[in-house]
Amino acid sequence: MQRSRAGRRAMASVVAVAAVVLVVMAFRPAPLEVEAARVVRGPLRVTIDQEGETRARDRFTISSPVMGRLLRVELDDGDAVRLNEVVARIDPLPLSQRERDEVYARVEAARAALRQASARAARAREDWEQAQRDRIRAEHLAKEGVISIQALDLARNADITSAREFEAAQYSVQVAASELKIARAGLISIETEPGKPRPLIELRSPVSGNVLRVLEKSERVVQAGTPILTLGEPGKIEIVADVLSTDAVKIHPGDPVLLVGWGGDHPIRARVRLVEPYGFTKVSALGVEEQRVNVVSDFIDPPGRLGDGYRVECEITVWAGENVLKAPMSAVFRRGQAWGTFVIEDGRARLRNVEIGHRNEADVEILDGLREGEDVILHPTNQIRNGLRVRRQSQTPE
């Protein structure tokens with residue numbers, strides 16, 4: 001009898017405990033659904049994105065050397081021109097003494113510019129020859145394993161850049177020589193004897209290329225120095241993007257550039273040739289003054305149908321890694337001077353300090369605090385706290 005009563009009491013106790021457990025489980029909060037992603041290894045690229053435009057690398061502006069009557073320009077935008085082809089004609093007007101002095105001064109200035117361009121071309125040639133020697137030396141050292149592949153790439157890029165700088169310097173000499181010819185043409189109106197008709201001044205093309213823009217089409221009287229048309233070689237174009245000065249210090253010659261949003265169905269590769277050493281002030285769309293610097297890049301892939309003055313979007317790579325431990329940028333957040341993230345462990349959110357490295361808009365390099373394969377919570381809200389029960393909402397593409 002006593003055993004029967006003891007058994008019933010034990011059974012009642014078990015039932016009571018089970019009921020309490022069921023009540024607790026019934027009123028226990030459900031796990032919070034969170035969006036999560038996995039920590040993985042893979043490539044990471046840090047870029048500076050900025051709109052830019054293409055421009056003819058060697059652009060020549062033909063101007064009037066003297067005051068006179070410009071005859072109608074027969075050329076149109078896009079027309080091909082040959083070296084020394086006549087592109088415009090001017091009937092010079094009689095000059096005053098002041099205008100004569102200006103013509104003589106313009107000739108002397110053109111001579112000085114030619115001497116300066118010749119000196120720069122000579123220096124550019126010496127730099128190119130030195131870059132060639134450095135490249136050959138670097139190739140031998142790389143074969144012996146003395147220097148890294150990156151150092152070899154820098155030497156090769158310096159060789160290519162120096163060659164293009166020398167080519168540009170040679171064009172500058174041609175332009176300076178053409179400017180001197182144009183300036184000397186102004187002497188015609190001075191040296192013509194009184195009473196005799198003045199011959200027309202013929203303005204000739206300094207290069208073989210195309211007319212980029214006709215600035216003065218109709219016949220009219222123009223002042224000395226008035227731009228008439230712009231010439232260039234559409235096949236030799238470069239990309240110019242003005243970036244913030246705080247970003248410019250991170251960019252170096254040789255950095256790869258990817259051109260997107262240019263109208264084609266594929267990106268175009270380019271490479272930084274020059275970060276200009278001076279900045280300028282530009283007012284943003286919000287009315288804020290910004291210090292900006294021009295970054296000039298050369299095409300690696302064919303530019304396709306891009307011409308002078310076309311808009312492009314530049315992605316300048318300032319750092320890249322292939323086997324980087326990374327997590328989504330939306331998973332990490334500031335904790336004072338450090339960084340933190342929530343990791344899902346056994347169905348609970350665990351707060352963990354992490355050390356980060358390079359980052360872009362999407363991903364961040366993890367230096368310490370996380371392991372490959374762990375799940376981290378994306379966009380953590382104020383509801384999430386250390387130890388909270390959570391449930392992964394959906395699988396985020398990795």
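The values are calculated or read from the model by the stated rules, or taken from the named source; none is laboratory data. On a predicted model such as this, the values are computed, not experimentally measured, just so you know. Glycine also receives a Cβ, built like all others from the backbone with ideal geometry; neighbour counts cover every protein chain displayed.
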* Given the residues Asp127, Asp49, which is the only one that is at pLDDT 85 or above and either closer than 29 Å to Gly309 by Cα or not assigned by TED's automatic domain parsing to the domain that holds Pro199 (or both)? -> Asp49
* **Residues being in contact with a Leu (Cβ under 9 Å, 6 or more places away or on another chain) and closer than 12 Å to Ala241 by Cα - total across the stretch 255-297** => 7
* Taking Arg98 as the residue in question, decide whether it is in a helix (DSSP H, G or I), more than 35 Å from the chain's Cα centre (by Cα) and surrounded by fewer than 15 Cβ atoms within 10 Å (Cβ to Cβ). => yes
* Filtered residue count, the stretch 159-170, keeping only those that are crowded, with 20+ Cβ neighbours inside 10 Å and touching a residue at least 60 places away in the same chain (Cβ under 8 Å) -> 1
* Asked: If Glu313 satisfies every condition in (1) surrounded by fewer than 16 Cβ atoms within 10 Å (Cβ to Cβ); (2) among the charged types (D, E, K, R); (3) touching a Lys or Arg at 6+ places or on another chain (Cβ under 8 Å); (4) in the same structural domain as Leu244 (by TED's automatic domain parsing) but one, which is the exception?
  -> (3)
* Asked: Hey, among Arg350, Arg385, Arg305, Arg371, which residue is surrounded by 15 or more Cβ atoms within 10 Å (Cβ to Cβ), charged (D, E, K, R) and not in a helix (DSSP H, G or I)?
  -> Arg350
* Structure fact -> Sole miss for Ile344 among (1) without any contact (Cβ under 8 Å) to a residue 24 or more places away in the chain; (2) of a type in the set (A, V, I, L, M, F, W, C); (3) farther than 25 Å from Thr246 by Cα is condition (1)
* Asked: For the stretch 194-220, which residues satisfy the criterion of being among the hydrophobic types (A, V, I, L, M, F, W, C) and either assigned to a loop (DSSP other than H, G, I, E, B) or at pLDDT 90 or above (or both)?
  -> Leu200, Val207, Val211, Val214, Leu215
* If only one of Ala113, Ala121, Ala80 is in contact (Cβ under 8 Å) with a residue 60 or more places away in the chain, among the small types (Gly, Ala, Ser), under 16 Å from Pro206 (Cβ atoms) and touching a helix residue (DSSP H, G or I) at 6+ places or on another chain (Cβ under 7 Å), which one is it? -> Ala113
* **Leading residue by the ranking (surrounded by the most Cβ atoms within 10 Å (Cβ to Cβ)) among those in the stretch 238-264 that are more than 9 Å from the chain's Cα centre (by Cα) and among the small types (Gly, Ala, Ser)** => Ala248
* To do: Filter the stretch 146-158 down to residues that are within 21 Å of the chain's Cα centre (by Cα) and surrounded by 18 or more Cβ atoms within 10 Å (Cβ to Cβ) and give me whichever is farthest from Phe60 (Cα to Cα).
  => Leu154
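For every residue, the table says whether it meets (1) assigned by TED's automatic domain parsing to the domain that holds Ala119; (2) part of a helix (DSSP H, G or I); (3) at pLDDT 80 or above; (4) not basic (Lys, Arg).
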| site | (1), (2), (3), (4) |
| --- | --- |
| Arg135 | yes, yes, yes, no |
| Leu141 | yes, yes, yes, yes |
| Ile147 | yes, no, yes, yes |
| Ile160 | yes, yes, yes, yes |
| Glu165 | yes, yes, yes, yes |
| Ala169 | yes, yes, yes, yes |
